[in-house]
Amino acid sequence: MTLHLVKLCVGADSVESLQAWLDFRMEQKRQAGEPLEQTHTTRMVPTRREELLEGGSLYWVIKGRIQVRQHLVDIRPFTDKSGVKRCDLVLEPRLILTQYQPRRPFQGWRYLKPEDAPADIRSAGEAVAMPEEMRRDLSELCLI
């Protein structure tokens, strides 16, 4: 059974700012000659690895709402220089817009069952062209 993760996107105030950050990090890696893969480091290692890698995604909470997701490619546990166990979540660099879904603040990440995950926005071109504030308002009115 596929399983997902949900995590707060600290530092990003929009999907566009998240995309800009991802582009910036990829350019840094390119210039440093590092592998061009997107990773997100977290302290806790998911124990349900196999379920997550069966098509799971990381859903990002931005400004109190799940707004976008990325496919999980791999989960790589490691121990940092201080001896603390950590984990790299390897993500597909493509962002997939989702329907808004409100989330209260929490620390770390949480498992997300497929039936609880918000649906993808099928018409990404229209959603990107729509101002974010309008998209949020229409979502709150259950019109999209």
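Taking into account only those residues within the range 101-118 that are in contact (Cβ under 8 Å) with a residue 60 or more places away in the chain, open to solvent by less than 100 Å² (accessible area, probe 1.4 Å) and not in a helix (DSSP H, G or I), which is nearest to Val68 (Cα to Cα)? Only one residue tops the list, namely Ala117. Screening Glu16, Glu27, Glu54 for residues that are more than 26 Å from Ala119 (Cβ to Cβ) and either open to solvent by less than 30 Å² (accessible area, probe 1.4 Å) or charged (D, E, K, R) (or both) leaves exactly one candidate, Glu27.
Within the set Thr39, Thr47, the sole residue that is of a type outside the set (Lys, Arg) and open to solvent by less than 50 Å² (accessible area, probe 1.4 Å) turns out to be Thr39. Checked against (1) under 16 Å from Gln67 (Cα atoms); (2) of a type in the set (D, E, K, R); (3) surrounded by fewer than 17 Cβ atoms within 10 Å (Cβ to Cβ), Lys7 meets all criteria but (3).
Which of the strands (runs of 3 or more DSSP E) found entirely inside the range 1-90 contain at least 1 residues meeting this: charged (D, E, K, R)? Even if it seems obvious, please write down each step before you answer.
Working: elements: 4-8, 38-42, 57-62, 65-79.
Hits in the range 1-90: 4-8, 65-79.
The values are calculated or read from the model by the stated rules, or taken from the named source; none is laboratory data. Given the structure is predicted, the values throughout are model-derived calculations rather than measurements. Because the Cβ atoms are built from the backbone with ideal geometry, glycine has one as well, and the counts that use them run over all protein chains shown. Accessible surface is based on the protein model in full, side chains and every heavy atom, while ligands, DNA and RNA are left aside. Shrake-Rupley method; radii C 1.70, N 1.55, O 1.52, S 1.80 Å.
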